[in-house]
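The values are calculated or read from the model by the stated rules, or taken from the named source; none is laboratory data. All values derive from a computational prediction rather than experimental measurement. Because the Cβ atoms are built from the backbone with ideal geometry, glycine has one as well, and the counts that use them run over all protein chains shown.
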Amino acid sequence: MVDYRGIDEKNVQNALDSVASEVAADVAVDVAAVQAEVDAVEVDVSSAEADIVSLQSDVGTAQTDISNLQADKQDKLGIFVSGVEVGTGAPQNVAHTLGVAPSKVLVSIQTSAGAVSIAEGVHTITDVVVTVTLGDTFKVLAIV
């Protein structure tokens with residue numbers, strides 16, 4: 001058993017203060033080290049985010065380039081493929097990019113509720129003219 005009767009309160013306080021100072025210094029060093037690591041990670045994250053934005057922009061540019069190349073290829077081949085259209089039961093103008101009236105037209109039915117009716121009109125340098133059953137969806141393939 002330790003005899004505490006001879007221990008001076010001031011010495012105890014000094015020892016406690018000394019230990020507290022050392023612990024505070026160690027904690028400050030640890031906090032500074034952790035903060036430096038956090039700062040480095042934040043820089044890495046910011047850099048990665050900038051890379052992602054740049055890549056997204058590159059992807060968007062590439063997609064645009066691909067679309068343009070596909071359109072150029074179709075135009076050079078004298079082929080046009082429409083998006084999906086919805087039949088009205090009356091003559092419809094489907095705009096094309098051929099620059100001349102197509103000599104061949106194919107109407108491809110995508111969905112239909114029953115009997116299908118398709119009639120070609122007189123095609124122009126800007127439009128394919130077709131009549132498709134009301135409500136049927138279709139695509140047009142036009143060839144020069």
* To do: Go through the stretch 120-136 and give me each residue that's surrounded by 15 or more Cβ atoms within 10 Å (Cβ to Cβ) and within 17 Å of residue 86 (Cβ to Cβ).
  => 127, 128, 129, 130, 131, 132, 133, 136
* Which residue out of 130, 140 is in a strand (DSSP E or B) and touching a Gly at 6+ places or on another chain (Cβ under 7 Å)? -> 130
* Do we find that residue 15 is among the hydrophobic types (A, V, I, L, M, F, W, C), surrounded by 10 or more Cβ atoms within 10 Å (Cβ to Cβ), at pLDDT below 80 and in a helix (DSSP H, G or I) in this structure? -> yes
* Among the residues of the stretch 107-119, write down those that are exposed (fewer than 14 other Cβ atoms within 10 Å of the Cβ) and part of a strand (DSSP E or B). => 108, 110, 111, 119
